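Step one of this worksheet: look at the structure below.
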Amino acid sequence: MKSKMQKKNNPDLIAKNSNSLRESFGKILTKISKKNKKIIVLDADIAGGTGLHHFKKKFKNRFVQCGIAEQNMMAMAGSLSLLGFVPIVTTFSVFMLRAFEQARLSIAYSNLNVKIVASHPGLDVGPDGASAQCLEDLACFRSLPNFSILSPCDSNEMELATKTLVEHKGPIYMRTGRSNSETFFNKKLGFSIGKGKVLISGSDFYIIGCGVTTLRAYKAAIKLKKIGISVGVVNMSTIKPIDFDLLKKISVNVKAILTVEDHSIYGGLGSSVAEALSNTNIDVYIKGMRTFGESGEPDELAKKFGIDENSIYKEVIKLKSKYDKLKK
Amino acid sequence: MKNFYKKTSNLRIDILDSIFLAKSGHPGGCLSCVDLIYYIFKNYLNYKKNFFRKLDRNYFVLSKGHCAPALYAVVNELGIIKKKEMLSLRKINSLAQGHTHLTQKNLWMGANTGSLGQGFSFAIGYALGLKKINSKKKVFTILGDGELQEGEIWEGAMFSSHHNLNNLCAIIDYNKLQSDEKVKNIINVEPLKQKWLSFGWKVLSIDGHNYYQIKKVIDNFFKKPQKKPTLIIANTIKGKGVKFMEKNPFWHGSVKITLEQLNKAKNEIKNAKKK
C-alpha cells in the first residue's frame, strides 16, 4: 500500500520510459544477474529511481537495502568485493559525491572490484533543480587512481557497457540517465572500456560527446553537413582512460575539436580530451556547465545553458567562420 | 595469563621503537588498544600469511587506523610480517604505511584506514558478505571513542542491527581522550551504553587491559551464537604502561618520541614486567 502511495505522490521516482538509461541498466543487469551469481546490488532507498527495482524484485537475497546512508553503503562495497562479490553501488550521482571519500579510501586505494552506477546526472535531471543536478561527478571520480569512468549514450550502448562493466576487474564509475532517450547507437560498433567510437567521419571539425550529448552532436552534425560543413562525431563513452589513439587520429585533418558534456567544464570530458591533446597542435573547445543549473525540463535547460543540439550547431558555425578568417 | 602480559609488554616496546624510528606516530592510542588487538589476533586470526586469501575466515579491522603501529607489532609477533617490516613504519617504500593499506599481498590489514568511520563500514561489509556466503565465521573491529563522532558510525550501527549482523563485534577503545582534548570536552559521546542499546546492539563493558575480562567477552562472542551485533565498551587508558604518556592528550599524536623519552618508557615497561 505504502509503495503504491509513494508512486502516486512521486511519479518521478519510477522510471516510466523503458528507453531511459537507468531503466535499460536495471533491466540488463537483472538479466545478467540470472547467470552471474556474484552480482550484489547496494541501494540507498532509491531503487525505483535508479532502475534497480527490476533487480530488487528478482533477487531479494542479493539486493542490499542500505537506507539513506551513502557513506556506509560505499565503504561496505569494498569489503563485499573482497568476499568475491561484484558489488554494484547505486543511487543518484549527486549522492555519490557524498560518499566520494569512501570511494577513494575504501575502494580506489586497494583497486577493488566495485561498480558505482549513478543515475540522474547533469541537467538531464530536470525539474528537481540544481541541488540534484550533479555536474561534478566525472571530475571527482576521474581524479581517483584505478577508476575507469563510463557514460554510455543510449540504451543500446548501455546494454553493451553493462555487460563489460560486470566482467571488468577493477573499480568503475558509470553514469546512467534519467530522461527518455532515443536509441540510435549501432550495437555492431561494440563496446570496450577505453575506446571511443566514430559515429560520423568529418573533415572540418570533430565533435565529441558522451551520455546525452552524443545524440545532440550527431543531429547537429547532420544539419551542418547540409550547409556544407563536414563535422565528424565521436561518442566518447569512456572518459577515463581516454582513447588517446582515436583523439590523435581524428585531430590530424580537422581544424578543431569541440567537446560537449552535461557536466562542468572543469574536469569532465572536455578536460580529459584537452589534457590528452595538450602536447599536440589541435585546438580544443569545451562546451559544458560553468554554473549551477535550475529547475526546468531537460530540453529547456540544455537550451538555456547552451548544451543542446542548436547550441552545438551554432558553435560550429562560429568556429567555421573563425577558422575561415584565419585562413585569409 | 602471565604470558599474555609479558607479550603485550613486548608489544608496547615494539610500538614505541617503531614510532621512535618513524619520528612520528600515535603512541597513546596504540598503547590503549594493543591488548585487545593481540588477544583477538592471537586467538582468532592467527593464520599463516597466505591463509588471509581465503574468503571463509575471521576478519579484523582496526577502524581507528592511526593506531596501525599496534597492529603491525601484533602481526610481527605472530610471524605474519617480519620485524624489519614492522620497523619500517612510515618510511619510504615500506609495507607499514602510516595508516593501514590493504593490498592483495597484505589482506591481514583488514581495511584502508586513516579516515575514521570507514573501517567500521568495511567490517560491516565483511559481516554481511560472510552471511551471504553462509559462513559461520566472525568479524571484529576496534573503534576509537572520538571516532564515534563520525556520522558514518551511526549509519553503520543502524544497518548492522537492521540486517541482524550477529556475527559482528565492535569494540570501542574507550580511553576518553581524542586528538585535542578529552572526548567529553570535544563532543560528548555519552551515554554510550544507552546509545548502542537503542540502536539494537548487545552492549558489554569491560576493563580493556584486563586479560580475563577481554577473554571472557571475546570468547563468549565468538563461541556462542549471538542474537544481535555485539558492542564492547573497553575502558582503557591512553598511553597505558608509560606513566608520562598516560591520560595525556599530547601523546595522541602525531608526535615525535625523543631517545630519552623512549628509554624512560621502555625501562618503565620492562620494570613493570619483572614485577
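So in the protein assembly as shown, what percent of DSSP beta bridges are antiparallel if you round to the nearest 5? Kindly include the intermediate steps, with their values, before the conclusion.
Details: 7 of 66 bridges.
About 10 percent, rounded to the nearest 5.
Spacing of the modelled spin labels on residue A:303 and residue B:268, each 7 Å from Cα toward Cβ, amounts to 7.5 nm. Over the protein assembly as shown, dividing the summed -39,500 (n - 2.57) contributions of all DSSP H runs of at least 4 residues by the number of residues returns a 222 nm mean residue ellipticity of -12500 deg cm²/dmol. Please identify which residues in region B:256-275 have an amide N closer than 16 Å to a label point set 7 Å out from the Cα of residue B:244, following the Cα→Cβ vector. Zone members listed by number: B:256-271. Solvent-accessible surface, computed for protein heavy atoms with a probe of 1.4 Å, shrinks by 10 Å² or more for the following residues of region B:129-159 when the other protein chains are added to the isolated chain: B:129, B:132, B:133, B:152, B:155, B:159.
Pairwise over distinct Cα atoms, reciprocal of the mean inverse distance: report the Kirkwood radius of the protein assembly as shown in Å, one decimal place.
Radius from the Kirkwood sum: 26.0 Å.
Solvent-accessible surface of the protein assembly as shown, averaged per residue with a 1.4 angstrom probe and all protein chains in place: 41 square angstrom.
At an R0 of 45 angstrom, the distance between the Cβ atoms of residue A:182 and residue A:318 translates into a FRET efficiency of 0.95. Taken one residue at a time, the phi angles of region A:264-280 give Karplus couplings (6.51, -1.76, 1.60, θ = phi - 60°) of 4, 6, 8, x, x, 4, x, 4, 4, 5, 5, 4, 5, 9, 5, 9, 10 Hz. Gly and Pro are set to x.
Taking the DSSP beta bridges with both ends in chain B, the antiparallel portion is around 10 percent.
Projected over all directions and averaged, the alpha-carbon convex hull of chain B occupies 13.1 nm².
In region A:132-235, what trypsin sites (Lys or Arg not before Pro) fall in a loop by DSSP, with at most 10 other Cβ atoms inside 10 Å? Could you put the intermediate results ahead of the total?
On the way: sites: A:142, A:163, A:169, A:175, A:178, A:187, A:188, A:195, A:197, A:216, A:219, A:223, A:225, A:226; in loops: A:169, A:178, A:195.
Counting only loop positions with at most 10 other Cβ atoms within 10 Å, the trypsin sites (Lys or Arg not before Pro) in region A:132-235 are A:169.
Taking the centroid of alpha carbons for each part, region A:135-213 and region B:23-37 are 47 Å apart.
Estimated from the Cβ-Cβ distance and a Förster radius of 45 angstrom, the FRET efficiency linking residue B:190 and residue B:93 is about 0.55. Along region A:285-294 the Karplus relation, 6.51 cos²θ - 1.76 cosθ + 1.60 evaluated at θ = phi - 60°, assigns HN-Hα couplings of 10, 10, 10, x, 9, 10, 10, 6, x, 6 Hz to successive residues, with x for each Gly and Pro.
Given axes a ≥ b ≥ c from the Cα gyration tensor, I'd like to know whether region A:259-325 is rounded (a/c under 1.5), prolate (a/b larger than b/c) or oblate.
Working: a/c = 3.31, a/b = 1.36, b/c = 2.43.
Oblate, since a/c reaches 1.5 and b/c is not below a/b.
Gap in Å between the Cα centre of region B:200-261 and the Cα centre of region B:141-189? So the two Cα centres are separated by 13 Å.
Semi-axes, largest first, in whole Å: what does sqrt of 5 times each Cα gyration tensor eigenvalue give for chain A? List each step's numbers first, then the result.
Working: eigenvalues 231, 88, 59 Å².
Those come to 34, 21, 17 Å.
In the neighborhood of residue B:163, defined by Cβ-to-Cβ distances under 12 Å, what is the net charge if each Lys or Arg adds +1 and each Asp or Glu adds -1? Provide the component values of the computation, followed by the final result.
Numbers: positive: B:131, B:132, B:228; negative: none.
Neighbour charge sum, excluding residue B:163 itself: +3.
Over all directions, the average projected area of the alpha-carbon convex hull for region B:182-257 comes to how many nm²?
Values: hull surface 26.7 nm².
The orientation-averaged projected area of the Cα hull of region B:182-257 comes to 6.7 nm².
Based on Cβ point charges of +1 for Lys and Arg and -1 for Asp and Glu, what charge dipole magnitude is obtained for region B:2-274 about its Cα centre, in debye rounded to the nearest 20?
Working: 45 positive and 20 negative charges, 246 e Å.
Magnitude of the dipole: close to 1180 debye.
Could you sort out which of B:238/B:264; B:84/B:105; B:48/B:132; A:248/A:320; B:138/B:228 sit more than 19 Å apart by Cα distance in this structure?
Over 19 Å apart, Cα to Cα: B:48/B:132; A:248/A:320.
Restricting region B:148-249 to chymotrypsin sites (Phe, Trp or Tyr not before Pro) that sit in a DSSP loop and have at most 15 other Cβ atoms within 10 Å of their own Cβ leaves B:244. Rounded, prolate or oblate for region A:197-319? Axes are the square roots of the Cα gyration tensor eigenvalues, ordered a ≥ b ≥ c, and the cut-off for rounded is a/c under 1.5. Cα axes put region A:197-319 in the oblate bin. Reducing region A:56-121 and region A:254-328 to their Cα centroids gives an inter-centroid distance of 32 Å. Placing +1 on the Cβ of every Lys and Arg and -1 on the Cβ of every Asp and Glu, with nothing else charged, gives region B:1-129 a dipole about its Cα centre of roughly 360 debye. For residue A:40, the amide hydrogen comes within under 5 Å of the amide hydrogens of A:86, A:88, counting only partners 5 or more places away or on other chains and with H modelled in the peptide plane.
A simple charge model with +1 on the Cβ of Lys and Arg, -1 on the Cβ of Asp and Glu and nothing else charged puts the dipole of chain A at about 960 debye relative to its Cα centre. Histogrammed with a bin width of 10 Å, the alpha carbon distances of region A:8-175 distribute as 11, 44, 38, 7, 0 percent, first bin at zero.
Each of residue A:130 and residue B:56 was given a label point 7 Å from its Cα along the Cα-to-Cβ line. The distance between the two points is 5.5 nm.
Starting from 0.36 nm per residue, how many nanometres of slack lie between residue A:167 and residue A:200 once their C-alpha separation is accounted for?
Values: separation 33, 0.36 × 33 = 11.88 nm, distance 2.90 nm.
Extra length available between residue A:167 and residue A:200 comes to 9.0 nm.
Nearest 5 is fine: what % of DSSP beta bridges in chain A come out antiparallel, could you say?
Details: 5 of 42 bridges.
Restricted to chain A, the bridges split so that about 10 percent are antiparallel.
Cross-link partners for residue A:56 among the aspartates and glutamates, with Cα-Cα distance under 12 Å and sequence neighbours closer than 8 places in the same chain left out: A:43, A:45. Phi angles across region A:299-311 convert, under the Karplus curve 6.51 cos²θ - 1.76 cosθ + 1.60 with θ = phi - 60°, into 3J(HN,Hα) values of 5, 5, 5, 4, 5, 4, 9, x, 10, 9, 4, 5, 5 Hz, Gly and Pro given as x.
Ordering A:127, A:286, A:53 by the projection of their Cα atoms onto the charge dipole of chain A, which places +1 on the Cβ of Lys and Arg and -1 on the Cβ of Asp and Glu, puts A:53 at the extreme positive end. Remark on residue A:256: its backbone amide H falls under 5 Å from those of A:206, a criterion applied only to residues 5 or more positions apart or on other chains, H modelled at 1.01 Å from N.
Computed from label points 7 Å out along Cα-Cβ, the spacing between residue A:292 and residue A:146 is 3.4 nm. Of the accessible area of region A:61-114, with the probe set at 1.4 angstrom, what percent is carbon plus sulfur? Within region A:61-114, the accessible surface is 52 percent carbon and sulfur. Rounded, prolate or oblate, given the Cα gyration tensor of region A:105-241, with a/c below 1.5 counting as rounded? Prolate, because a/c is 1.5 or more and a/b exceeds b/c.
The values are calculated or read from the model by the stated rules, or taken from the named source; none is laboratory data. Keep in mind it's a predicted model, so treat the numbers as computed, not measured. Cβ atoms come from the backbone with ideal geometry, glycine included; neighbour counts cover every protein chain shown. Just the protein is used for accessible areas: all its heavy atoms, side chains included, with ligands, DNA and RNA removed. Shrake-Rupley method; radii C 1.70, N 1.55, O 1.52, S 1.80 Å.
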